[in-house]
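So the structure is just underneath, and the comments pick up after that.
Just so it is clear, none of the values below were taken in a lab; they were calculated from the coordinates. Predicted model, so just to flag it, every value in this text is computed and none were measured. Note: ideal-geometry Cβ built from the backbone for every residue, glycine included; neighbour counts use all protein chains shown.
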Amino acid sequence: MLSRAYRLTDNKEFQTIYRRGRYNSTALLSVNVLPNKFGTTKVGVVASKKAARKAHDRNSVKRKVREAVRLAYPKLKPGNSMIITIKAPATTANYDIIEKDLLLSLKKLGLLNE
């Protein structure tokens, strides 16, 4: 799990990223990114009831995405805030597919160090 310093927690931050950030979408996830002034990368994961009706399904897929982010965190460029929104097909996908999808989105947005 990412420490609290690396997580988005404030609703105002979420709204700012949705309004002003860059966006990329794949089959399982969509990622919104906005540079921040903190010098570290902050991440928020969102799963709506539209994606998965049952809470345990939403929590399960959020755990998978958070773990993929935690493992990819050393490769990320610092100084960005990102929101990862989970789509409905991700609830039935296994971890490997979610991880590949996330890395693809991050690469398209130019957030990975080469």
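Any chance the range 102-111 includes a residue that's touching a residue at least 40 places away in the same chain (Cβ under 8 Å), more than 18 Å from Leu8 (Cα to Cα) and hydroxyl-bearing (Ser, Thr, Tyr)? Yes, the conditions are met somewhere in the range 102-111.
If the condition is being under 14 Å from Pro35 (Cβ atoms) and either touching a His at 6+ places or on another chain (Cβ under 7 Å) or not hydroxyl-bearing (Ser, Thr, Tyr) (or both), then the range 76-114 contributes Leu76, Lys77, Pro78, Gly79, Asn80, Met82, Ile83, Leu109, Gly110, Leu111. In the range 70-91, the residues that are surrounded by fewer than 21 Cβ atoms within 10 Å (Cβ to Cβ) reach residues that are of a type in the set (Gly, Ala, Ser) and part of a helix (DSSP H, G or I) with C-beta atoms within less than 9 angstrom, at least six apart or across chains, in these pairs: Thr91/Ser60.
With respect to the stated conditions, Asp57 is over 14 Å from the mean Cα position of the chain (by Cα) and acidic (Asp, Glu). Select from the range 57-69 the residues that are more than 26 Å from Arg20 (Cβ to Cβ) and not charged (D, E, K, R) and write down the one among them that is surrounded by the most Cβ atoms within 10 Å (Cβ to Cβ). My answer is Val61. If you go through the range 25-40, how many residues are surrounded by 21 or more Cβ atoms within 10 Å (Cβ to Cβ) and out of contact with any Pro (no Cβ under 6 Å at 6 or more places or on another chain)? Of the residues in that region, 4 qualify.
Considering the range 1-24, the residues that are among the hydrophobic types (A, V, I, L, M, F, W, C) and surrounded by fewer than 13 Cβ atoms within 10 Å (Cβ to Cβ) include one that is nearest to the chain's Cα centre (by Cα), namely Met1. When the range 92-109 is filtered for residues that are in contact with a Lys or Arg (Cβ under 9 Å, 6 or more places away or on another chain) and surrounded by 13 or more Cβ atoms within 10 Å (Cβ to Cβ), the ones remaining, listed by number, are Ala93, Tyr95, Ile98, Glu99, Leu103, Leu106, Leu109.
For the range 39-63, the set of residues classified as among the hydrophobic types (A, V, I, L, M, F, W, C) and either closer than 13 Å to Thr92 by Cβ or in contact with a strand residue (DSSP E or B) (Cβ under 8 Å, 6 or more places away or on another chain) (or both) consists of Val43, Val45, Val46, Ala47, Ala51, Ala52, Val61, listed by residue number.
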